[in-house]
Amino acid sequence: MRTTRALAAAATAVAALGLAAPAAAARDGMHVGPSNIVALPSVIARGGQLTITVDGCPKGGTATSDAFRPTRLTPVGGSTAKGTATIDRHARPGAHSITVHCDGAGRPLTHPNAFTVIGGVQGGLGGSTSTGATPTDMAIGAGLIAVAVVGGGVFWMRRRAEKRI
């Protein structure tokens, strides 16, 4: 019975040491690579600027995506790196991934669907289309003007009739 308890205690100690060793090695300077990618804002229009922050990249690195050119990430303290990317004017709308390659780290990290590109508005036109009003729009506008003219005429005629009494 005592041998079983001793073996169980020894196995528990070896398991605890085995689980703690990789974490201790990582804290003692063994660089494991990027661990977290944050892209802000998460929804952005074409031509907008995207801020990328990466944990586990103490020497900086490069962020790539199909929606922007490769962007340099610079260290900002501790093991964090940060960079700003400009979304291409011709980027397709929808979700895009970001892949980060840290300097001095062997493995890259990809964050699928890190941000979403939306279509931009037509600047200078107030967001409108360049085709103008449709026939339906013209008919509605003409109808509203006609109702306003008739209503104004009825009101004026009634006011005029009140003054005579």
For region 90-104, Karplus-derived ³J(HN,Hα) couplings (6.51, -1.76, 1.60; θ = phi - 60°; whole Hz; x for glycine and proline) come out as 10, 5, 6, x, x, 7, 9, 9, 10, 10, 10, 10, 8, 5, x
Cα extents of region 32-76 per principal axis, largest first, Å, are 33, 18, 17
Expected unfolding gain across Arg158-Asn36 under the 0.36 nm per residue rule, minus the alpha-carbon gap, is 36.5 nm
HN-Hα couplings for region 36-43 via Karplus (6.51, -1.76, 1.60; θ = phi - 60°), in whole Hz with x for Gly/Pro, come out as 8, 10, 10, 10, 10, x, 7, 10
The long-range amide H neighbours of Arg46, using H built 1.01 Å from N in the peptide plane and a cut-off of under 5 Å, are Ile118, Gly120
By the Kirkwood definition, with r running over pairs of different Cα atoms, region 46-116 has a hydrodynamic radius in Å of 12.2 Å
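Any read-out appearing in this document is the output of simple, stated calculations on the displayed coordinates, not a laboratory observation. Quantities reported herein were computed from a predicted structural model and do not represent experimental measurements.
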